[in-house]
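Engineer: Supplied in structure tokens, the structure appears directly below.
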Amino acid sequence: MKLGMEDMQTLLAQIECCLNSRPLVPLSDDPTDFEPLSPGHLLTGLSLKAVPDTDVTTIPFNRLRHFQQLQKLLQQFWQRWHIEYLCTLQSRSKWINPPVHIQTGQLVLLKEDNVAPIQWPTARIVDLHPGKDGITRVVTLKTPTGQYTRPVSKIAILPIPPSDIQRTTSNEAEIHPQTFPTKST
């Protein structure tokens, strides 16, 4: 498909909207608040919204009208980028770093298939279900539509706010004051 200048501008504006809709951190600790802070909040003051389109990813290009072809390109971008962004939030290195601490009340993203562009299903953790070894592998989640039980592999915890990271690194510095080798001359 050959894109003209206007088509490219339209597609890039829609992709920019997708990128700016990604969740960064929870807006509040309120258990009834399911909205995360996104770059769109910083740009417009509100979360970004889009009119849902019909899914055209399975229809061949030659059967689509011009605008639907642009929507197919956007939906293909969204499917790939959405999954890759969730994978960056789910990275858990088993042997190198300590496991992720899951707590009740945390805002999480649900890893679901066939999510429309700019839609990020969120939930709050209500209950933890640790195994015999004490490691939590299943959680109970509260969404705006009800409660669900999900494995930890199907959720992505939003990144820790910077204030918590600073507290963690300052505590680690107190425990291990000499963490980096000194440079000898």
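Engineer: Could you look through region 55-107, keep only residues that are open to solvent by less than 30 Å² (accessible area, probe 1.4 Å) and under 13 Å from the mean Cα position of the chain (by Cα), and pick out the one that is modelled with the lowest pLDDT?
Structural biologist: Filtering region 55-107 for residues that are open to solvent by less than 30 Å² (accessible area, probe 1.4 Å) and under 13 Å from the mean Cα position of the chain (by Cα), the one modelled with the lowest pLDDT comes out as Gln90.
Engineer: For region 10-60, which residues satisfy the criterion of being closer than 30 Å to Thr140 by Cβ, touching a helix residue (DSSP H, G or I) at 6+ places or on another chain (Cβ under 9 Å) and of a type in the set (S, T, N, Q)?
Structural biologist: Listed by number, the residues that qualify are Ser21, Ser38, Ser47.
For (1) within 15 Å of the chain's Cα centre (by Cα); (2) hydrophobic (A, V, I, L, M, F, W, C); (3) assigned to a strand (DSSP E or B); (4) more than 30 Å from Pro39 (Cβ to Cβ), each residue gets a yes or a no:
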{"position": "Leu109", "(1), (2), (3), (4)": "yes, yes, yes, no"}
{"position": "Asp113", "(1), (2), (3), (4)": "yes, no, no, no"}
{"position": "Ile118", "(1), (2), (3), (4)": "yes, yes, no, no"}
{"position": "Val126", "(1), (2), (3), (4)": "no, yes, yes, no"}
{"position": "Val138", "(1), (2), (3), (4)": "no, yes, yes, yes"}
{"position": "Arg150", "(1), (2), (3), (4)": "no, no, yes, no"}
{"position": "Ser153", "(1), (2), (3), (4)": "yes, no, no, no"}
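Engineer: Considering only residues of region 28-47 that are under 16 Å from the mean Cα position of the chain (by Cα) and open to solvent by 40 Å² or more (accessible area, probe 1.4 Å), which is nearest to Leu109 (Cα to Cα)?
Structural biologist: Checking each candidate, the answer is Glu35.
Engineer: What are the pairs, 6+ residues apart or on separate chains, where a residue within region 50-75 that is without any contact (Cβ under 8 Å) to a residue 40 or more places away in the chain has its Cβ under 9 Å from a residue that is of a type in the set (Lys, Arg)?
Structural biologist: Taking only residues 6 or more apart or on different chains, the pairs are Val56/Lys72; Thr57/Lys72; Ile59/Lys72; Leu64/Lys72.
Engineer: Starting from residues that are without any contact (Cβ under 8 Å) to a residue 12 or more places away in the chain and not in a loop (DSSP other than H, G, I, E, B), keep the ones in region 1-27 and report whichever is least open to solvent (accessible area, probe 1.4 Å).
Structural biologist: Here the residue is Ala13.
Engineer: Just the residues that are assigned to a helix (DSSP H, G or I) and either under 23 Å from Glu84 (Cα atoms) or aromatic (Phe, Trp, Tyr) (or both), please, taken from region 43-66. Write out each step before concluding.
Structural biologist: Of all residues in region 43-66, those assigned to a helix (DSSP H, G or I) come to 43-44, 61-63, 66.
Of everything in region 43-66, just one residue is assigned to a helix (DSSP H, G or I) and either under 23 Å from Glu84 (Cα atoms) or aromatic (Phe, Trp, Tyr) (or both), namely Phe61.
The values are calculated or read from the model by the stated rules, or taken from the named source; none is laboratory data. It should be emphasised that the depicted structure is a prediction, and the values quoted were computed from it without experimental measurement. As a convention, Cβ positions derive from the backbone with ideal geometry for all residues, glycine included, and neighbour counts pool all protein chains shown. Side chains included, ligands, DNA and RNA excluded: accessible areas come from the protein's heavy atoms. Shrake-Rupley method; radii C 1.70, N 1.55, O 1.52, S 1.80 Å.
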